[in-house]
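Structure first, commentary second.
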Amino acid sequence: MYLEIVSPEATLFAGEVTSVSVPGVNGEFQMLENHAPIVSLLQEGKVKVKGNIIIEEEFQHKFTKGADSETILEITSGTVEMKDNKVIVLAD
């Protein structure tokens with residue numbers, strides 16, 4: 001599936017991934033390929049991405065590596081939309 005992580009400053013990441021976990025306001029949840037369409041508010045926490053992730057050099061300082069080869073982005077709030085195997089995370 002395709003993931004875009006967009007901040008107020010720039011698009012931090014855009015590319016193919018295998019899974020995305022986000023900190024929803026009612027708890028963390030994960031999206032895999034062919035997930036049902038969803039729109040949700042996000043709270044402070046970690047966006048965890050799995051897949052062959054290549055982050056542009058200018059944004060690498062915003063991401064960390066976690067367990068199981070996860071790429072992690074700390075956010076304070078945001079929204080997520082999943083539709084037609086495309087996930088868009090609007091992150092603050």
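The values are calculated or read from the model by the stated rules, or taken from the named source; none is laboratory data. These figures come from a predicted structure and were not determined experimentally. We place every Cβ from the backbone using ideal geometry, glycine too, and count neighbours over all the protein chains shown. Each accessible area value is taken on the protein alone, full model and side chains, heavy atoms only, with ligands, DNA and RNA left out. Shrake-Rupley method; radii C 1.70, N 1.55, O 1.52, S 1.80 Å.
In this structure, Thr71 does satisfy being of a type outside the set (Gly, Ala, Ser), open to solvent by less than 30 Å² (accessible area, probe 1.4 Å) and out of contact with any Cys (no Cβ under 6 Å at 6 or more places or on another chain).
Here are Asn52, Asn34: which of them is of a type in the set (S, T, N, Q), at positive phi and either assigned to a strand (DSSP E or B) or out of contact with any Ser or Thr (no Cβ under 6 Å at 6 or more places or on another chain) (or both)? After ruling out the rest, the residue left standing is Asn34. For segment 55-92, a residue qualifies if it is over 23 Å from Ser40 (Cβ atoms), assigned to a loop (DSSP other than H, G, I, E, B) and over 13 Å from the mean Cα position of the chain (by Cα), and exactly one does: Glu56. Kindly indicate whether any position in segment 40-58 is in contact (Cβ under 8 Å) with a residue 24 or more places away in the chain, within 19 Å of Tyr2 (Cα to Cα) and touching a Lys or Arg at 6+ places or on another chain (Cβ under 6 Å). No: zero hits. The residue that is modelled with the lowest pLDDT, among those in segment 32-61 that are of a type in the set (S, T, N, Q) and open to solvent by 80 Å² or more (accessible area, probe 1.4 Å), is Asn52. For segment 3-31, taking the residues that are open to solvent by 80 Å² or more (accessible area, probe 1.4 Å) and assigned to a strand (DSSP E or B), the one that is nearest to Glu74 (Cα to Cα) is identified as Glu28. The criterion of being more than 17 Å from Met82 (Cα to Cα) and either touching a helix residue (DSSP H, G or I) at 6+ places or on another chain (Cβ under 9 Å) or free of Cβ contacts under 8 Å to residues at least 24 places away in the same chain (or both) does not hold for Glu28.
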